[in-house]
Each structure stands twice: as C-alpha cells, then as structure tokens.
Amino acid sequence: MRERVFWRIFIPLMGLIFLTLLGVTLYLSSLFYQNNLQRMQTYLLQEARLVRNLIMPFILEDPESPQINQIVQDSAMLVGERITVVLADGRVVGESEKPLNQLENHLSRPEVQEALRNREATEIRFSTTVNEEMLYVAIPVVSQQRVVAVVRMAASMQSIRREQQALNHSLFIAAIIAGGFAVLIAVWITRRVLAPLESLSATAQQLTERTGEPARGEGDEIRRLQAAFQTMSEHLREQVSQLRAERQKLQTVLRNMRDGILLVDETGKILLINSAAAEMFGIEESRAVGASLIEGVRHHAIVELWERARQGHTPQDGEVEILPEHRFLQVVLTPLGRESENAFLLVFHDLTRERRVERVRRDFVSNVSHELRTPLASLKALVETLQEGALDDPPAAQRFLRQMEVEIDNLTQMVRELLELSRIESGLVPLQRKVVSPCDILRRGAERMRLQAERAGLTLQIDCPEDIPQVLADADRVEQVLVNLIHNAIKFTSPGGLITLSVKQEGKSVTFSVRDTGIGIPPDDLERIFERFYKADRSRSGEGTGLGLSIARHIVEAHGGRIWAESQVQQGSTFSFTLPLER
Ligand code: ADP
C-alpha cells in the first residue's frame, strides 16, 4: 500500500518542483540577458554621443575630412568597440575596423536608415564586414535640423552571449542543488503524511473486516480507504439508529413500568429514575438525577439497604413504609458489578394495595365472626334457659321460641347478604346491562317497598321527569340498590315521615336520590356507613346487618357510578348514586 500511495503523492510533487524550478531559471536567465543588453546599449549610446561631439566640427566643415577617420580610430582604440561614421548618402567616412576604401555604401543598413530618420536606433544582426553577430547602436548627427551623418557603434554579441552562458550554467547548477533539496523534503513530507494515513487505513480495514463485510472498492489504497470509511459510516449510522430505537424502547418500558426503578452509582448519586419511582417519592425526575439517594428518596431504611449492599456486594431486599400516605414498598437492591461501573439497581414494588386488601380481609373475618357470635350467644342463652326449666312454663317458652326465631332470621339474613356481597365482589355474577329508563327502575323499586312504607306510616313519593334519557344498566341490580336505600329510609324514619325518590340528569350521568325525613346520620359516621358491618347507631339499627350499603356501593361502582350520602341529624338523609348515560 505504502509504495503506491507514495508515488501517487510524490510524482505530482516532483512535477510541481521541476516546473517551478524551470520557470524560475528561465525567468532569471532572460532577466539577466535583458539587463546585460540594456546596459550594453546604454553604454554604446553614451560612447556614440561622445564620438559625435568629437567629429561634429569636422563634419560641418568638411564631411570627407580624413580627421574624422582619425578620431574614429583613436576613439575605437580607447573604448574597444567598432565605430563607423556614415554620411547621409551612405558613404563611410570613418571606420575603426577596416580601411575606408574596402567599405561599401552603408545606406542599406537598417540602423543607419533609422538614424537618418533622426532617431536613435538599435539592431542585432550578423555583420558581413566583421563576420560575426553584432549589436549596433546608431545616432544621427544633426546640423540645421538635417541629418548630415550617422555615428554607429558596434559591439560583439559574443561577450554578452558568453556571460549569458556562464550565468545559465550557474543557474542550472543552483536549480539542481535546490531541486535535490526539494526532492529530499518532498520525500520526507510524503512519508510523514503517509504514516498516519497508513495506520488509519489499517484501522479502517480491521473495523470493516470485523463487521464481517468484504472490503469494498477497487483501485489504490486511498480509494479503498475511502470505501472502508463509507462502509464504516454506514454501519455507524445503522448502529446509531439501532441504539436510538433501543433507547426509545427502554425509555418506553421505564416510563410505563408500574414498579419504581432507580439507578445509583457507587457514591450514592442517582443516575436514573423512572416516572413511577419519581411519583412514589414525590420528586421530579429532572431534579432527582444527580441528587444523592437520601435527597431523592428521603428514607433512611432505603439508604441503609444500599449501604449494606455496597459493603457486602450482595443483593438486598426489604420493605419500607412511606409516610404520610402509608405506602408500603418492597425494595429489591442489586449491585450491578464492575461491568456497569459498580452501579446499584433499586426496584420498588408498591405493596399498598395488597396490604390494604389483606387488612380489609382480616377485618372482615373478625367482623363476621363478631357479628355471628352475638346472635349465636343469645341463641345459646335462650336454649339453656329452656333446658333449665322454661320449657315447663309454656307462655315463657313461647316467648323464648319467638326470640329464637328472630335471631335465626337475623342470622339467615346476614348469611344471605354476605353471600350476595362476596358474589358481587368476586365478579361471579356479571352485570346484565341493558338500555333501560331510570324512571322505570325507580317505579319498580318503589312498588316493591310501598306496602312496607305504608305499614310504617310513611308516604312514598316519586319525582321523575319524563325526558330523562335512558341508561345502560343491570335493572335488577339497580333496583336492589334502590330497595336497600328505601328499606333504610323506612327503618330510620318515624311514622308520618316522607320518603322521596327522584332522578335527574347531570352532565353525562343520571343521579338517583332517596330522601327521607328521618333521624339523620352524624357527620363522623357519614364517611363510614358504606363499609361492611358499619352501623351508625347500634341501638337503633339493631336488627340490620350493616351490609346493605356495602352491597349498594359495590353494585353502583360496578356500573362505573358513584354513591354518597348527605344528612343532617334529626332532619333527614339523602342517599344518591349516579349511573353513566347510555353512549
Ligand atoms: P343496616 O341498615 O343493615 O344496618 P346498612 O349498610 O344498610 O346496614 O346501613 C349502615 C348504617 O347506616 C345503618 O346501620 C345506619 O346507622 C346508617 N343508615 C343507613 N341509612 C340511613 C338512613 N336513611 N337514615 C339514617 N341512618 C341510616
């Protein structure tokens, strides 16, 4: 790999160096040549002007004076150049290189022509007179605004050419030396640039091979490197989107989990908390992350469990009660070990409901046994009294037997209601919902209880507007609720009282009410009368079981409704419940 890429970088670099050096050399060479020529021309011009001054008086006096040739020869000796003086008609009257008679007419020489036009002229040309390439400079000799003659200086180009050659030689050597250095530097730079590229390529290659994909891309290493990078970036993108999806899933799971989750680091700092845990401890998720465990959960028992797990590197579990809501939480604490940076996972399972159900069940059993024991004890006492001789007293025996019958009826009623309650609670008897008119249910309930009410000296009144919409309900069950409520109203209202049954629509539900003018219920008891076996006034409600309202509440709640009581002692009570409207 290295060699191919090396040449790919090195050859163009070399080309660049070569072209630059060539350009610089050519430019310098021509610059020197131009300079030299310029200098030479100036020099010749100055000399020509000098000669013109010297010959001027003679030309004006006698253009063919031999003095002119003499001055030309003397001057040429001094300056070392060839000097020629040509008259306006082309005749040569002064010449430093050859005898005058050997010279032809010089009118045709371009520089002479130019000077005759009263201009200073320069020309490089091969001289047939001296047989070599010469540099000519010609200037006019002017008298009374007329060109009377031309002074021409000529220098051999050989010296300039020689100087130029020597210079070119030096430049060439300098270029070779500079080129050599440049090559060395280029090699060094190329290798330096290549070193990281090489390791990059090797890494990319390894990574691509690890992903199990065949290395793509033909051609040289840079292209393959490019291909490897492309493959890598595709993999990376894929992995990032996979990770994002995984994260999303994890977050959804965490968010929707009922159990609370906490992740705590070695120092006790909270790394992660899900919404269930945040809700359990009444803290915002954003504030909990980064806070310490004690700040987050505010519970010493949990911190102690964590301490124990940290010291013993063992999982811990326990139960804690969160006050003031009396929430029971089961805590399972697992050290996640080195792989997860020694973090700890805390899972909180809310046991409050289970605990409450357990307590209710316990209370229920003790209540039932208590409620059964009372009539059983009185039955036992009655039986004993009969055995101890009351049987011999027929009127007394009759009285005892009637009392026994009342107790047995009470027991039977209680057992029946208990069975009913447990059936409703366990959901064994599903609701038979149908679309029914609330007024119909109300009327049927009232009819069943009318006789009983009249016997107790009470008036039963119905208030049901005809436009009440229908409800979706199990009519028999709802009727049973009404019967229970009317039964209570009759029981707790003195003769002459009034019982009013009414229905009205309120938003998306219908509210049924049973109002009496009875003894009322003290505020403290109002909350509790719907509990099983609860009786507000035990002396007055002796024959009841305390289960009627409990059954009513279960039936109403099974319909998705709500039941409540309002009352004023000695004024009367109103029991109401709602049923959702048929949708
Ligand atoms: P029971 O009537 O069999 O005792 P309930 O569950 O029906 O049991 O009623 C619970 C208690 O609520 C009653 O013992 C009574 O103290 C009180 N109560 C219910 N209805 C009325 C009412 N209309 N007027 C006054 N007290 C009532």
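The values are calculated or read from the model by the stated rules, or taken from the named source; none is laboratory data. As the structure is a computational prediction, the values presented were derived from the model and not from experiment. For neighbour counting, all protein chains shown are included, and Cβ atoms are generated from backbone atoms with ideal geometry for every residue, glycine included.
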> So which of VAL24, VAL51, VAL86, VAL5 is of a type in the set (A, V, I, L, M) and either outside any helix (DSSP H, G or I) or touching a Lys or Arg at 6+ places or on another chain (Cβ under 6 Å) (or both)?
Replying inline: VAL86
>> With the structure loaded, tell me whether GLY561 is more than 13 Å from the ligand (Cβ to nearest atom), of a type outside the set (Lys, Arg) and surrounded by 14 or more Cβ atoms within 10 Å (Cβ to Cβ) or whether it fails that test.
In response: yes
> Which of the following residues is among the hydrophobic types (A, V, I, L, M, F, W, C), at pLDDT 90 or above and out of contact with any strand residue (DSSP E or B) (no Cβ under 8 Å at 6 or more places or on another chain): LEU45, LEU19, LEU116?
Replying inline: LEU19
>> For the stretch 23-59, give me the residue count where each residue is farther than 21 Å from GLY80 by Cβ and exposed (fewer than 14 other Cβ atoms within 10 Å of the Cβ).
In response: 7
> What's the number of the condition LEU428 fails, among (1) assigned to a helix (DSSP H, G or I); (2) under 58 Å from the mean Cα position of the chain (by Cα)?
Replying inline: (1)
>> Between SER513, SER509, SER550, which is near the ligand (Cβ under 9 Å from one of its atoms), under 60 Å from the mean Cα position of the chain (by Cα) and touching a residue at least 60 places away in the same chain (Cβ under 8 Å)?
In response: SER550
>> I'd like the residue in the stretch 60-93 that is among the acidic types (Asp, Glu) and within 21 Å of SER156 (Cα to Cα) and, out of all such residues, is surrounded by the fewest Cβ atoms within 10 Å (Cβ to Cβ).
In response: ASP74
> Of all residues in the stretch 147-166, which are surrounded by fewer than 18 Cβ atoms within 10 Å (Cβ to Cβ), of a type outside the set (S, T, N, Q) and modelled with pLDDT under 90?
Replying inline: ARG161, ARG162, GLU163
>> For the stretch 1-37, give me the residue count where each residue is among the aliphatic types (A, V, I, L, M) and touching a residue at least 60 places away in the same chain (Cβ under 8 Å).
In response: 11
> Looking at VAL93, is it part of a strand (DSSP E or B), under 23 Å from SER143 (Cβ atoms) and modelled with pLDDT of 90 or more?
Replying inline: yes
> What is the number of the single condition among (1) within 59 Å of the chain's Cα centre (by Cα); (2) within 9 Å of the ligand (Cβ to nearest atom) that LEU472 does not meet?
Replying inline: (2)
> If you scan the stretch 414-450, which residues turn out to be within 16 Å of the ligand (Cβ to nearest atom), in contact (Cβ under 8 Å) with a residue 12 or more places away in the chain and over 28 Å from LEU460 (Cα atoms)?
Replying inline: LEU418, ILE424, GLU425
> If only one of ALA278, ALA228 is part of a helix (DSSP H, G or I) and assigned by TED's automatic domain parsing to the domain that holds HIS299, which one is it?
Replying inline: ALA278
>> For the stretch 284-392, give me every one of the strands (runs of 3 or more DSSP E) that falls completely inside it and has 2 or more residues that are touching a residue at least 60 places away in the same chain (Cβ under 8 Å) and of a type outside the set (Lys, Arg).
In response: 344-350
> Limited to the stretch 364-395, what total is found for residues that are within 25 Å of GLU425 (Cα to Cα), surrounded by fewer than 13 Cβ atoms within 10 Å (Cβ to Cβ) and hydrophobic (A, V, I, L, M, F, W, C)?
Replying inline: 1
> Restricted to the stretch 564-582, and to residues that are more than 10 Å from the ligand (Cβ to nearest atom) and within 22 Å of GLU479 (Cβ to Cβ), which residue is surrounded by the most Cβ atoms within 10 Å (Cβ to Cβ)?
Replying inline: PHE577
>> Looking at the stretch 488-500, can you tell me whether even one residue there is under 60 Å from the mean Cα position of the chain (by Cα), within 15 Å of the ligand (Cβ to nearest atom) and not aliphatic (A, V, I, L, M)?
In response: no
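Per-residue answers, yes or no, for (1) basic (Lys, Arg); (2) more than 30 Å from HIS326 (Cβ to Cβ); (3) at pLDDT 90 or above:
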residue: THR208; (1), (2), (3): no, yes, no
residue: THR231; (1), (2), (3): no, yes, no
residue: ARG244; (1), (2), (3): yes, yes, yes
residue: VAL253; (1), (2), (3): no, no, yes
residue: VAL264; (1), (2), (3): no, no, yes
residue: ALA276; (1), (2), (3): no, no, yes
> Within the stretch 488-509, can one find any residue that is in contact with a Ser or Thr (Cβ under 8 Å, 6 or more places away or on another chain), under 20 Å from ARG455 (Cα atoms), aromatic (Phe, Trp, Tyr) and at pLDDT 90 or above?
Replying inline: yes
>> Six or more apart or on different chains, Cβ atoms under 6 Å: show the pairs whose first residue is in the stretch 38-61 and within 17 Å of SER96 (Cβ to Cβ) and whose second is surrounded by 16 or more Cβ atoms within 10 Å (Cβ to Cβ) and of a type in the set (Ser, Thr, Tyr).
In response: VAL51/SER75; PHE58/SER65
